[in-house]
Structures are given as C-alpha cells and as structure tokens.
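Novice: This is the structure, below, for whatever I ask next.
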Ligand code: DLL
C-alpha cells in the first residue's frame, strides 16, 4: 500500500521541478530570517538570486553539527519562537545538546512522512502499534506516535524500558507492530523467550526498527527470533526524527522522502559531490521546514543513493543501509573498522549471540583491539579445549572480514549489557591518551 501515491511515485522530472521551487523558497527564508545563514552565504559569495534550481545546490555552503552547537539553542531558527510549538533535542557525546524547533506545519509534514513509512510496512487503521522508542526530547517516541495516529492505527505509547511490562502489554493488547531500536528488539526477543509465553499468544508481525545502524544479518536474526517482518525506518533529530526514509515491501533500499529532504552524497574528507551510486557521506537540505530549515547539513552517515525506479512503483530515491557514521569508524593499526562488520560475522555464526563489545586501546605505541563476544548457552561449556576451538574459529572469521587480528574474549551468556535504546558497543580508550 502507498500512502501518498502522487508524491511517492512522482515522475522524477516533476519531482526535480518541485524540489527546485522549494529550494529557492527555503534559501530565501533562511537568508532573510536567520543571521548566521545570511552571513555564511555572503562569505561564500552566494545570494538567493544565484539559486535558480536544485542543480545550483552545490553553490551553497554546508551546515555542520558544530554549527548547531555554536548557535545553541535558538540561533538557527528561521521562525520566531512564537511559531515554534515543539522542541526536540539530541544529546551529543560532550557538552550541550543539539536543539531543534518545529512549527505546527513542521509537525504536520512529520506525521505525513511517518504515515508513508507505516503504510509501506503494511500497517493501517486496524493495527495496534507498540511504540517502545523513548518519548521525550528524543524524536523516536513522539515521531512514531504521530505516524500511527495519522494512519488511524491504535498506538500504545509505552516508551522504552520496563521490559516485562512491554511483553505483557504486547500480548494482552495484541500489538501487531513493535517500534523500537533493533538492539532493543533483540533484548525483547530474549525476554519473550524467557517469559515462557508461547509465540501464539502474540500477534506481532511487523517491526519498525531504526535509530541505529543494523545489518542485514541482524535483520534475519530478529525476524527469526520474533517471527516478524522487520522494516528499516531512518531519521535524525536535526532534519526530522523517524520518517526521513523507509523501506517498502521490496526491501531494496530505504526510500527517502525527497520532496521534503533533498539528499546528496559527498566525499567525507573533501566535501566534493560524488557520482551516483558512490559511497560517501549523506548530506540533507530540508526543502519545506519552517522552524529550523537546514541547508546542506552534513549527517556523518555513510551510504550510497540509487535512482532507478523501485519494483514497488515508488520513484523516490533508494538509500543503502547506513554502514555506520564517519565518526564511529575506528581506525585500528591503520585499518578502517566498522562495528557493523563484527555484527554481521556474529549473526552468521551459529554459536554466538550478536551481542559484543569492542575496546580499543594503545599499549606501547601499538593499538589493541579486544572484542568480547557472547556465547550461546548451549555452546558455553566447561570444556577448555572446546572453548579454545570456538575462540580460534571466531577470531579467524572476524579477521577475514576486518583484516586485522582481534583479541577475542568469550564471555558467558547474557553477560553483555542489553540496551533499551541506542546500543553502545565501543570504548576507545585511545581518545583519553592523545
Ligand atoms: O535516531 C531518529 C530516529 C528515531 C530514527 C527512531 C528512526 C527511528 P538521532 O537520535 O538524532 O535521531 O540519531 C540520528 O541515528 O544520523 C544515524 O546515524 C542513526 N540512525 C537513525 N536511523 C537509522 C537507521 C534518531 N534506520 C542518527 N539505520 C542518524 C541506521 C540510523 N542508522
């Protein structure tokens, strides 16, 4: 099913025309209403009259996360505070959070794009959706909530955490869909198994998972454990929470809602635009936002875009699964390592759970790379020889994928901390030593 066929399946030339009109409008808006944007454009020697269409977007300067911190809290608003009806924020690793302001119209665009996502996941007015993303400043809870209400479904606004209650409500209220992070879905799956309730007690059939990178292997693992179809939903606080992108039934990439959020792929080091299909950093320009429009915002997310029409009929661009963020790529002994590579290996290995924790350190000027991996209960034995074999085999498998030898530590079942929101899987002690 398609929520808004006119837009989701729009002829690409018409879509470009629409994007052009909207880009011109948003550039005018930030230039006249937001001092930092005006200054930045003047410094770059561009004025709104230089922007005649979407093809001119490259003339505009980038916006970064640092800009949002520098102009905290309201410096980047393009609407007066009297028009702002909601604040959201995302906590950075250090210092002040990033704050965004949304107008009434921004909220209505958000629930429109959210409805496109849920409809693509096969959900409608007869479905009950348990929203186990956190409610509050995080966009996950309230974003998913508005989407469910817009399609006329029934929302259970349980928020994250309180796992036993989640299971009880899911069972008693007959939730058809679960919206949460993939890592929390894994945790819930284990807890459901431990609860002893038979699978037939639950009506769950769809997962609305996002807010963190997850691999295809993780998708298959969760689908098998929960006996559901798991869909990817993408978004970020600065642009709009969940709903910037979504998978359709073909699951052949994440469609981006390009009529509202214009995507580009650039070289993460130089900022140069890359040819279609190349991997690089995703950059967004909000085309319709009023409260805090962002021009060429560098997301740090690494992916590629594909423009051929999808078999589902949608013409909206398809984005590859996010492989990670430029800032969570580890460089260990000169080799680039993404935590998602370890996740793929563990999901494929019969004897392990996909729970792991990486610690990187520097000892005697050499990087150390420890990976704690959790052995499934049925494979966790007292037999020393067997455990050594297991360790050797997983060490090889990881080394084959990442190119360096990990120092694997096998740990007991359920000993790695589970996550109720975004999972944290890396401790890089080197940052404290520089
Ligand atoms: O995580 C918004 C969201 C909530 C999306 C619920 C989907 C579902 P932030 O906290 O600002 O916003 O984090 C945004 O999370 O730049 C990506 O690095 C990552 N991310 C979000 N969705 C996905 C996804 C929300 N589906 C950052 N796949 C983004 C991979 C994702 N990474």
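The values are calculated or read from the model by the stated rules, or taken from the named source; none is laboratory data. Here the structure is a predicted model, which means the values were calculated and not measured. Glycine also receives a Cβ, built like all others from the backbone with ideal geometry; neighbour counts cover every protein chain displayed.
Novice: Can you confirm whether residue 315 is farther than 16 Å from residue 243 by Cβ, surrounded by 21 or more Cβ atoms within 10 Å (Cβ to Cβ) and at pLDDT 95 or above?
Specialist: The answer is no for residue 315.
Novice: Moving on to the next point. Filter region 395-416 for residues that are in contact with a strand residue (DSSP E or B) (Cβ under 8 Å, 6 or more places away or on another chain) and either assigned to a helix (DSSP H, G or I) or closer than 19 Å to residue 384 by Cβ (or both) and give the result.
Specialist: Within region 395-416, 395, 398, 402, 407, 408, 409, 410, 411, 412, 413, 415 meet the criteria.
Novice: State whether the residues of region 258-281 include one that is assigned by TED's automatic domain parsing to the domain that holds residue 35, within 12 Å of the ligand (Cβ to nearest atom) and buried (at least 17 other Cβ atoms within 10 Å of the Cβ).
Specialist: There is at least one residue in region 258-281 that is assigned by TED's automatic domain parsing to the domain that holds residue 35, within 12 Å of the ligand (Cβ to nearest atom) and buried (at least 17 other Cβ atoms within 10 Å of the Cβ).
Novice: Here is a further query. Tell me which residues, restricted to region 200-219, are within 8 Å of the ligand (Cβ to nearest atom) and either part of a loop (DSSP other than H, G, I, E, B) or not assigned by TED's automatic domain parsing to the domain that holds residue 301 (or both).
Specialist: Of everything in region 200-219, those that are within 8 Å of the ligand (Cβ to nearest atom) and either part of a loop (DSSP other than H, G, I, E, B) or not assigned by TED's automatic domain parsing to the domain that holds residue 301 (or both) turn out to be 211, 212, 213, 214.
Novice: I've got another one for you. Can you say whether residue 301 is at pLDDT 95 or above and either in contact with a strand residue (DSSP E or B) (Cβ under 6 Å, 6 or more places away or on another chain) or within 16 Å of residue 15 (Cβ to Cβ) (or both), as far as the supplied structure shows?
Specialist: For residue 301, the condition - at pLDDT 95 or above and either in contact with a strand residue (DSSP E or B) (Cβ under 6 Å, 6 or more places away or on another chain) or within 16 Å of residue 15 (Cβ to Cβ) (or both) - is met.
Novice: If you don't mind, there's one more thing I want to ask. Just to check your reading of the model, which residue among 98, 87 is within 16 Å of the ligand (Cβ to nearest atom), in contact (Cβ under 8 Å) with a residue 40 or more places away in the chain and over 29 Å from residue 44 (Cα atoms)?
Specialist: Matching residue, one of 98, 87: 87.
Novice: In region 227-238, which residues are surrounded by 22 or more Cβ atoms within 10 Å (Cβ to Cβ) and more than 8 Å from the ligand (Cβ to nearest atom)?
Specialist: Across region 227-238, the qualifying residues are 230, 231.
Novice: Only one of (1) closer than 21 Å to residue 78 by Cα; (2) under 27 Å from the mean Cα position of the chain (by Cα); (3) without any contact (Cβ under 8 Å) to a residue 60 or more places away in the chain fails for residue 42. Which number is that?
Specialist: (2)
Novice: Restricting the search to region 102-120, which residues are part of a strand (DSSP E or B) and surrounded by fewer than 22 Cβ atoms within 10 Å (Cβ to Cβ)?
Specialist: Passing the criteria: only 103.
Novice: Next up: Being in contact with a helix residue (DSSP H, G or I) (Cβ under 9 Å, 6 or more places away or on another chain), in a helix (DSSP H, G or I) and away from the ligand (no atom under 12 Å from the Cβ) narrows it down to one residue among 148, 129; which is it?
Specialist: 148
Novice: Then there's this: Residue by residue through region 152-183, note down the ones that are within 16 Å of the ligand (Cβ to nearest atom) and out of contact with any strand residue (DSSP E or B) (no Cβ under 9 Å at 6 or more places or on another chain).
Specialist: 161
Novice: Next question, about the same structure. What's the number of the only condition in (1) surrounded by fewer than 21 Cβ atoms within 10 Å (Cβ to Cβ); (2) in contact (Cβ under 8 Å) with a residue 24 or more places away in the chain; (3) under 24 Å from residue 302 (Cα atoms); (4) over 23 Å from the mean Cα position of the chain (by Cα) that residue 372 fails to meet?
Specialist: Residue 372 satisfies all of (1) surrounded by fewer than 21 Cβ atoms within 10 Å (Cβ to Cβ); (2) in contact (Cβ under 8 Å) with a residue 24 or more places away in the chain; (3) under 24 Å from residue 302 (Cα atoms); (4) over 23 Å from the mean Cα position of the chain (by Cα) except (3).
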